[in-house]
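**Q** Structure below; questions to follow.
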Amino acid sequence: MRTLHTAPLLRLTLNDEPPPGRTIPSDEPPPGRVTPGDGPPPGRAVPADDEPLSGRRAQVSAGSQPDRSTPGDGGSPPAGPAPGDGGPLSAGPAPGDGGPLSGWAVLVDGDRIEAVGPVGELTQAYPTVRVRRWPGTLGPALVHDGPLPPAPTPRERVHALLRSGVGAVLAAHLTDPAVRAAAARNDVAVLDAARPPALTVGGRADLAVFADDGRCLATVVAGRLVHRRA
């Protein structure tokens, strides 16, 4: 089933602009950290809405120009480049340099990102898609570059990462077979080396939603919603 994830702001890559937050605690020196950014403090979030849309699938054209803005610029966001040349939005990478895009969404089909583009065009192209509308900023899930947080069980250690918006962890920190098995059961990606998180058409659907204060509101791993703050 296809799901369209949208939020007031969409960040295609995190690069060196991580969401605010606090470091995820670790029981091993040196302290663990999330790359980029740190895990958010606990808090309360506004729940998302699931909105089924009815109708027939349509072709996406170049359509309207997306709005790009950066926090605190105080002015109207400038228009960004058009998302294509009349073909499907999934035909190529979405524009952006890591700054937030206003009015954009991510279309997920199974465990993959099928398209990224203006929410209006995607809902027109896929009118029967399920829509999840999140508050805050939607972007790629984080890569955890450090020991896992302490917890009584391997499952709880992995779930502490999921609650912090993490979708991948380095293999060097999964030497415990039980912890590695727990990560595999939860579809957490295991990487040989850290990489900048990014939303890539055709890539794995690992998403996270953060509030302005750094709280993780939702985590999607391999297209599956694994954490949603109540």
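**Q** State which residue is least open to solvent (accessible area, probe 1.4 Å) when the search covers only the stretch 134-191 and only residues that are in a helix (DSSP H, G or I) and among the basic types (Lys, Arg). Don't jump to the end; show me each part of the working.
**A** Filtering the stretch 134-191 down to residues in a helix (DSSP H, G or I) leaves 154-162, 171-173, 177-185.
Add one more test, that the residue is among the basic types (Lys, Arg), and what stays is 155, 157, 180, 185.
On the way: 155: 134, 157: 34, 180: 105, 185: 157 Å².
Out of the qualifying residues, it is 157.
**Q** Does residue 105 fit the bill of being small (Gly, Ala, Ser), crowded, with 24+ Cβ neighbours inside 10 Å and in contact (Cβ under 8 Å) with a residue 12 or more places away in the chain? Steps first, please.
**A** Numbers: small (Gly, Ala, Ser): yes; crowded, with 24+ Cβ neighbours inside 10 Å: yes; in contact (Cβ under 8 Å) with a residue 12 or more places away in the chain: yes.
In short, yes.
**Q** Going by the structure shown, is residue 194 more than 17 Å from residue 106 (Cβ to Cβ) and either in a strand (DSSP E or B) or touching an Asp or Glu at 6+ places or on another chain (Cβ under 8 Å) (or both)? So that I can check it myself, show each step before the final result.
**A** Working: more than 17 Å from residue 106 (Cβ to Cβ): yes; either in a strand (DSSP E or B) or touching an Asp or Glu at 6+ places or on another chain (Cβ under 8 Å) (or both): yes.
Yes; evaluated as a whole, the condition is true for this residue.
**Q** For the stretch 192-221, give me each residue that is at pLDDT below 95, within 19 Å of the chain's Cα centre (by Cα) and open to solvent by 60 Å² or more (accessible area, probe 1.4 Å).
**A** Result: 195, 196, 200, 212, 213.
**Q** So, in the stretch 108-117, of the ones that are open to solvent by 10 Å² or more (accessible area, probe 1.4 Å) and part of a strand (DSSP E or B), which residue ends up nearest to residue 205 (Cα to Cα)?
**A** Let us first name the residues in the stretch 108-117 that are open to solvent by 10 Å² or more (accessible area, probe 1.4 Å), namely 109-112, 114.
Checking the rest, the ones that are also part of a strand (DSSP E or B) come to 109, 112, 114.
Working: 109: 8, 112: 5, 114: 9 Å.
Ranking the qualifying residues of the stretch 108-117, first place goes to 112.
The values are calculated or read from the model by the stated rules, or taken from the named source; none is laboratory data. The structure presented is a predicted model; accordingly, all values stated were derived computationally and were not measured. Don't worry about glycine lacking a Cβ; one is built from the backbone with ideal geometry, like all the others, and counts go over all protein chains shown. Protein only, heavy atoms only, side chains kept; ligands, DNA and RNA dropped before computing areas. Shrake-Rupley method; radii C 1.70, N 1.55, O 1.52, S 1.80 Å.
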